[in-house]
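The values are calculated or read from the model by the stated rules, or taken from the named source; none is laboratory data. Bear in mind the structure is a predicted one, so any value in this text is a computation, not a measurement. Using ideal geometry, Cβ is built from the backbone for each residue, glycine included, and neighbour counts are taken over all protein chains shown.
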Amino acid sequence: MMDVGGTKGRMAAYLRDHHDKVVGRWSDLVVAGVRGRISRAEVRRELEDLYSLVVRVISDADEHARGELRAALDELSRARARDGFSPRETALGVFSLKEAVYELVADSAEMVPEYLLLSRMIDDLGLLTVEAYSAARETIISDQAAAMMELSTPVVRLWDGIIAVPLVGTLDSARTQLVMEKLLDTLVATGADHAVIDITGVATVDTEVAQHLLKTVGAARLLGADCTISGIRPQVAQTIVSLGIEFGDVATKATLADALALALSRAGLKVVPALWSGCRSPRSGKRCSSRFRSTCRTTASCGYRRTWPTSFLPPARAG
Amino acid sequence: MRLQEDLADELSATGARGVIIDITGVEIVDSFIGRMLTTIGSVSRLFDAETVIVGMRPAVAITLTELGLSLNGVRTAMNAEKGLEILNGRS
């Protein structure tokens with residue numbers, strides 16, 4: 001029968017006596033493992049804390065030591081996970097204590113039971129690190145997913161009474177639900193009665209995605225808002241047709257600009273140049289005095305010449 | 001049911017041309033309510049009156065969509081004001 005209490009005591013005493021040597025070697029090993037991403041002084045400080053906790057646990061000095069050690073390891077693993085270390089590097093940080101001690105006791109045969117005890121304990125701690133590490137990683141991943149979800153569904157106001165939802169990425173039922181809720185909430189909050197769903201950033205549209213889109217449009221209609229789908233790319237249009245998806249009487253437009261134009265015309269609005277007095281007389285250089293196109297005297301016969309940038313001009317002056 | 005009957009009586013008595021149903025206060029709907037709204041729309045149409053449902057909450061709209069009810073034959077509007085605009089534009 002092994003004398004467990006005595007073994008523990010002897011190991012604790014040994015570790016206490018060789019404090020500087022072991023911690024020094026341990027720090028060397030860890031610093032080599034992390035390849036310069038943490039400074040030696042910092043590693044040394046972290047390990048000093050851990051080491052004193054390990055000694056306290058082994059010597060059974062008080063019952064809080066075990067909990068404190070777990071908490072310290074937990075914290076360390078979390079920090080490593082956040083800083084982007086691999087689980088291997090994180091766990092090696094603990095396991096290299098074994099190596100540091102082994103190098104010291106390798107020559108003395110009488111230290112074998114003590115060393116085995118320490119080794120078993122460090123194995124446990126190593127597993128704990130890996131567990132804490134993966135838990136921290138999972139938290140990071142779920143946080144990022146939530147943040148992405150938030151970022152990916154902005155509802156923007158295009159005009160008084162016209163709002164738009166630019167969708168980017170893939171649409172699944174969870175996202176559709178979020179988009180739908182946000183769109184409807186915004187419709188109610190702003191009292192807008194036109195909504196544009198822009199799917200320029202949606203790579204693929206299959207039957208499921210189309211189903212989701214139609215649901216959103218249907219819900220917006222129930223609130224009394226007109227809904228237009230815009231940004232259908234050529235390939236997407238091909239897919240939609242070949243899949244036999246029917247958008248029914250939902251208005252679809254090629255670009256967001258077209259959808260905005262449609263929404264404006266449905267709202268009874270028209271976009272006109274702010275000032276129509278861009279015409280100058282070629283002789284006197286005098287400006288045409290009218291502010292609006294309807295009152296502009298610039299006709300083929302008036303002698304004034306348009307100097308308005310052509311891009312500003314409305315479509316050809318129909319009869 | 002009571003609402004349906006009262007509404008039909010009132011429509012035949014006054015010859016009203018439009019019906020506005022404000023459901024701002026409705027927070028939960030089921031398929032029965034959804035169907036009832038459609039029925040009211042159909043009944044009103046028999047009296048040549050148009051039905052406009054106003055003030056639907058987002059949650060209600062989502063529920064109705066998930067139930068597959070699109071309230072055919074009934075117009076919808078954001079608020080009573082816009083509902084009146086729809087009715088006025090028609091007559």
Taking only region A:63-113 into account, find how many residues are farther than 22 Å from A:Glu42 by Cα and either of a type in the set (Phe, Trp, Tyr) or within 25 Å of the chain's Cα centre (by Cα) (or both). 1
Contact list please: Cβ distance under 8 Å, first residue in region B:64-91 and within 11 Å of another protein chain (Cβ to nearest Cβ), second residue modelled with pLDDT under 85 and outside any helix (DSSP H, G or I), pairs at least six apart or on different chains. B:Leu64/B:Ser70; B:Leu64/B:Leu71
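For region B:35-60, give me each residue that is in a helix (DSSP H, G or I) and farther than 20 Å from A:Val188 by Cα. Break it down stepwise before answering.
Start the filter on region B:35-60 by keeping residues that are in a helix (DSSP H, G or I), which leaves B:35-46, B:58-60.
Passing the criteria: B:Arg35, B:Met36, B:Leu37, B:Thr38, B:Thr39, B:Ile40, B:Gly41, B:Ser42, B:Val43, B:Ser44, B:Arg45, B:Leu46.
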What number goes with the only condition from (1) part of a loop (DSSP other than H, G, I, E, B); (2) aliphatic (A, V, I, L, M); (3) within 11 Å of another protein chain (Cβ to nearest Cβ) that B:Ala16 does not pass? (3)
Of the conditions (1) farther than 16 Å from B:Leu7 by Cβ; (2) buried (at least 17 other Cβ atoms within 10 Å of the Cβ); (3) more than 8 Å from every other protein chain (Cβ to nearest Cβ); (4) out of contact with any helix residue (DSSP H, G or I) (no Cβ under 7 Å at 6 or more places or on another chain), the single one that B:Gly41 does not satisfy is (1)
In region A:122-166, the residues that are among the small types (Gly, Ala, Ser) and closer than 30 Å to A:Ile197 by Cβ: A:Ser142, A:Ala145, A:Ala146, A:Ala147, A:Ser152, A:Gly161, A:Ala164
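Would you check if B:Thr24 is assigned to a loop (DSSP other than H, G, I, E, B) and within 12 Å of chain A (Cβ to nearest Cβ)? Explain how you work it out, then say what you get.
Working: assigned to a loop (DSSP other than H, G, I, E, B): yes; within 12 Å of chain A (Cβ to nearest Cβ): yes.
The answer is yes for B:Thr24.
For A:Ala41, state whether it is under 30 Å from the mean Cα position of the chain (by Cα) and of a type in the set (A, V, I, L, M). Give the derivation first.
Working: under 30 Å from the mean Cα position of the chain (by Cα): no; of a type in the set (A, V, I, L, M): yes.
No.
Can you report the number of residues in region A:163-185 which are within 13 Å of chain B (Cβ to nearest Cβ), of a type outside the set (Asp, Glu) and more than 19 Å from the chain's Cα centre (by Cα)?
Quick first cut of region A:163-185, residues within 13 Å of chain B (Cβ to nearest Cβ) only: A:163, A:173, A:176-185.
Restricting the remaining residues to those that are of a type outside the set (Asp, Glu) gives A:163, A:173, A:176-180, A:182-184.
Applying the additional criterion that residues be more than 19 Å from the chain's Cα centre (by Cα) yields A:163, A:180, A:183-184.
Counting residues in region A:163-185 that are within 13 Å of chain B (Cβ to nearest Cβ), of a type outside the set (Asp, Glu) and more than 19 Å from the chain's Cα centre (by Cα) gives 4.
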Can you name the condition, by its number, that A:Pro154 falls short on among (1) under 29 Å from B:Gly83 (Cα atoms); (2) away from every other protein chain (no Cβ under 14 Å); (3) more than 18 Å from the chain's Cα centre (by Cα)? (3)
